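Asks: I have a structure I would like to understand better, so I am pasting it below and will then ask my questions one at a time.
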Amino acid sequence: MTDFPARPSFAKTGRIASIVFSLLLLSACSVHKIDIQQGNVITQEMFEKLKIGMDKQRVELTLGTPLIVDPFRRDRWDYVYIYESGNTNEHQSAHLTVYFENNRLSKIDVQTILPKESEVKKPGSSLRGGSSPQAQGGHAH
């Protein structure tokens, strides 16, 4: 019997090269995180349009549809806005609660400081302004 010298397996070398090439391609990919926006945009300018005594329809025209209406407390509407940037640590939130008596606005409770229209962060747009106000407190009107 004739012994043939061992020769490298080109199939094995090709497989290893393709794995290394694939890993290099994958490492060049970056993960894109999307911006997340939830709820209603609420601004200081919108808040300033609210007047005690307004009917529910007028409040809804001013602020939009409330995010939360408790079926057991129909006299309370909560408006919440949350924005989180996918690629940065930018975060903005606003929370406003309105109360009604006899279908008329009786109380406004600002849960967080509301941004001005020019400060509102929205998905897909360049982030404007500095960091968002996050002060907690209850301002009643």
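Asks: For Val98, all conditions in the list (1) more than 27 Å from Lys33 (Cβ to Cβ); (2) touching a Pro at 6+ places or on another chain (Cβ under 9 Å); (3) without any contact (Cβ under 8 Å) to a residue 40 or more places away in the chain hold save one; what is the number of the exception?
Replies: (3)
Asks: While we're here: Output the residues belonging to the range 54-95 that are touching a residue at least 12 places away in the same chain (Cβ under 8 Å), hydrophobic (A, V, I, L, M, F, W, C) and under 21 Å from Lys116 (Cβ atoms).
Replies: Val59, Leu63, Leu67, Val80, Ile82, Ala94, listed by residue number.
Asks: Hey, Lys51 hits all of (1) modelled with pLDDT under 90; (2) of a type in the set (Lys, Arg); (3) over 25 Å from Ile34 (Cβ atoms) but one; which does it fall short on?
Replies: Lys51 satisfies every listed condition except (1).
Asks: Please state which of the following conditions Tyr99 fails to meet, knowing it meets all the rest: (1) at pLDDT 95 or above; (2) at positive phi.
Replies: Here Tyr99 meets the rest and fails (2).
Asks: Among the strands (runs of 3 or more DSSP E) confined wholly to the range 53-120, which include 3 or more residues that are among the aliphatic types (A, V, I, L, M) and closer than 17 Å to Asn40 by Cα?
Replies: Answer list for the range 53-120: 91-101.
Asks: Right, something else. Which one of these does Ile108 not meet: (1) under 17 Å from Gln37 (Cβ atoms); (2) touching a His at 6+ places or on another chain (Cβ under 8 Å); (3) buried (at least 17 other Cβ atoms within 10 Å of the Cβ)?
Replies: Every listed condition holds for Ile108 apart from (1).
The values are calculated or read from the model by the stated rules, or taken from the named source; none is laboratory data. Keep in mind the model is a prediction, meaning the values are calculated, not measured. We place every Cβ from the backbone using ideal geometry, glycine too, and count neighbours over all the protein chains shown.
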